[in-house]
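Peer 1: Got a structure for you, written out below as structure tokens; questions coming shortly.
We did not get these values from a lab; they are worked out from the coordinates using the rules stated. None of these values were measured; they are calculated from a predicted model. For neighbour counting, all protein chains shown are included, and Cβ atoms are generated from backbone atoms with ideal geometry for every residue, glycine included.
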Amino acid sequence: MHYWSVLYKYTLIGFTHVLPKGIDHILFIISLTFGGPSLKHIVKQSLAFTLAHSLTLLLGAYSIIPNIPTFIEPFIALTIFISAVLNLLSNKTSINRYKFILPFLFGLIHGLGFASALSEIGIPQDEFIYALLSFNIGVELAQIVIIATIFYLVIKNFSSKDSYSYKVVYPVNTLIAIAALYMFIDRLVSN
């Protein structure tokens, strides 16, 4: 395969794996975005998450660490639930100091989920690294679209209002927590 076609194909696969197909990733990024007090804070959390899931995506794709979707998928849902619940509990308290460590730890789990999806799709062995990087670029582009959309349409326009937490942050994270808990239980029972 020509490099440009690999770049296009796997970037598109990575992007569409998140938008519109990756409800797990979408919910996690939404929760991450609605948990940050500023764009700088959100970007730092997102970078921690990205570094971690890129690492385990690489290790999982090379089969250096085992890729067991029946084990990983419930835990991905659990990371979403924990993220949303922490956003409900934190209200800018001491929990916020852990908000950079947790996205990194949760990213390690999500990366294994990406590796699992990519192994199902298949990667050309002669362009393995190039396809892997392209897939990750697609994932990151989708993540940027989610964060930018939420930030510029919602946070930038409404976060200065006194009722923002009660009318936006708490309801959004409550819905995410409920959905994630349902996904966690469903995945445990289904496996």
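Peer 1: Test of the criteria: in the range 132-191, which trypsin sites (Lys or Arg not before Pro) are in a DSSP loop and have at most 13 other Cβ atoms within 10 angstrom of their Cβ? Mind dumping the intermediate values first?
Peer 2: Working: sites: Lys156, Lys161, Lys167, Arg187; in loops: Lys161.
Hits after loop and neighbour filter: Lys161.
Peer 1: OK, next. Taking Cα centroids, how far is the range 70-88 from the range 95-173 in Å?
Peer 2: Between the Cα centres of the range 70-88 and the range 95-173 lies a distance of 13 Å.
Peer 1: Within a Cβ distance under 15 Å of Phe151, other residues only, what is the Lys/Arg minus Asp/Glu net charge?
Peer 2: Numbers: positive: Lys40, Lys44, Lys156; negative: none.
Net charge around Phe151: +3.
Peer 1: How big, on average over all directions, is the shadow cast by the Cα convex hull of the chain, in nm²? Could you put the intermediate results ahead of the total?
Peer 2: Numbers: hull surface 42.7 nm².
Result: a mean projected hull area of 10.7 nm².
Peer 1: Same structure, new question: Would you calculate a helix-derived [θ] at 222 nm for the chain, using -39,500 (n - 2.57) for each DSSP H run of n ≥ 4 and dividing by the full residue count, to the nearest 500? Can you show the working numbers first?
Peer 2: Numbers: 7 runs with 139 residues, N = 191.
Dividing the helical sum by the residues of the chain leaves -25000 deg cm²/dmol.
Peer 1: What size of dipole, in debye to the nearest 20, comes out for the chain about its Cα centre when the only charges are +1 on Lys and Arg C-beta atoms and -1 on Asp and Glu C-beta atoms?
Peer 2: Numbers: 11 positive and 8 negative charges, 163 e Å.
It comes to approximately 780 debye.
Peer 1: Quick check: from the Cα gyration tensor, does the range 32-135 come out rounded (a/c under 1.5), prolate or oblate? Each step should come with its number before you reach the end.
Peer 2: Values: a/c = 3.12, a/b = 1.96, b/c = 1.59.
Prolate is the answer for the range 32-135, as a/c is 1.5 or above and a/b outweighs b/c.
Peer 1: Taking 0.36 nm per intervening residue step and subtracting the Cα-Cα distance, what contour gain separates Tyr8 from Tyr166 on full extension?
Peer 2: On the way: separation 158, 0.36 × 158 = 56.88 nm, distance 4.19 nm.
Between Tyr8 and Tyr166, full extension yields 52.7 nm more.
Peer 1: Normalised by the number of residues in the chain, what is the relative contact order in percent for Cα pairs under 8 Å and 6+ residues apart?
Peer 2: Numbers: 223 pairs, mean separation 78.8, N = 191.
After rounding, I find 41 percent.
Peer 1: Give the angle, between 0 and 90 degrees and rounded to the nearest 10, that separates the Cα long axis of helix 69-90 from the longest principal axis of the Cα atoms of the chain.
Peer 2: 20
Peer 1: At a Förster distance of 35 Å, what's the computed FRET efficiency of Thr174 paired with Ile64, Cβ-Cβ distance as r, to 0.05?
Peer 2: Numbers: r = 38 Å, r/R0 = 1.09.
Approximately 0.40, to the nearest 0.05.
Peer 1: Go through Ile155, Tyr182, Tyr10 and say which Cα lies farthest out towards the positive end of the charge dipole of the chain; charges sit on Cβ, +1 for Lys and Arg, -1 for Asp and Glu.
Peer 2: Ile155
Peer 1: Between Gly60, Gly35, Gly122, which gets the highest mean-square fluctuation from a Gaussian network model of the chain, Cα cutoff 10 Å?
Peer 2: Top of the fluctuation ranking is Gly122.
Peer 1: Setting aside same-chain residues fewer than 8 positions from Lys21, which aspartates and glutamates have a Cα under 16 Å from its Cα?
Peer 2: Glu73, Glu120, Glu140
Peer 1: Modelled label-to-label distance, Leu188 and Leu141, 7 Å Cα→beta-carbon offset: nm?
Peer 2: Between Leu188 and Leu141, the simple spin-label model gives 3.8 nm.
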